[in-house]
Amino acid sequence: SHPGIEAPVETGLNHALQSTIAVARNEWKHVAEVVTDFDPALPMVRCLPGDRNQVFLNVLGNAAHAIGRVVGD
């Protein structure tokens, strides 16, 4: 996350998602294995990095909890 950024900036999704996966590891490490296949040619996107990372974190956390309910903790 980038606190204090109030205007959209050009950012790379691949690096942001990889970083968020690492941050969320405690959420998913006991119930799943995360495999990535990022497109290196993915263009930069204009967004609010903190908000974008929070969305990624929420999706990963929700997925981990859902998987945990199915496969058990």
Vicinal HN-Hα couplings computed from phi for region 40-53 (Karplus, 6.51 cos²θ - 1.76 cosθ + 1.60; Hz; Gly/Pro x): x, 8, 4, x, 5, 10, 9, 7, 8, x, x, 5, 4, 5
Within the chain, which GluC sites (Glu not before Pro) sit in a loop by DSSP and count at most 11 neighbouring Cβ atoms inside 10 Å? GLU6, GLU33
Quick check: residue separation of GLU10 and PHE38 times 0.36 nm, minus the Cα distance between them. What number comes out in nm? 8.3 nm
With a ≥ b ≥ c taken as the square roots of the eigenvalues of the C-alpha gyration tensor of region 1-69, please select rounded if a/c is under 1.5 and otherwise prolate if a/b is larger than b/c or oblate if it is not? oblate
With every protein chain present, what is the per residue accessible area of the chain (1.4 Å probe, Å²)? 72 Å²
In whole percent, how big is the carbon plus sulfur part of the accessible area of the chain, probe 1.4 Å, protein atoms only? 57 percent
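The values are calculated or read from the model by the stated rules, or taken from the named source; none is laboratory data. Treat the numbers as computed from the prediction; the structure is a model and nothing was measured. So basically every Cβ, Gly included, is an ideal-geometry build from the backbone, and we count neighbours across all protein chains shown. Surface accessibility is based on the protein's heavy atoms, side chains included, excluding ligands, DNA and RNA. Shrake-Rupley method; radii C 1.70, N 1.55, O 1.52, S 1.80 Å.
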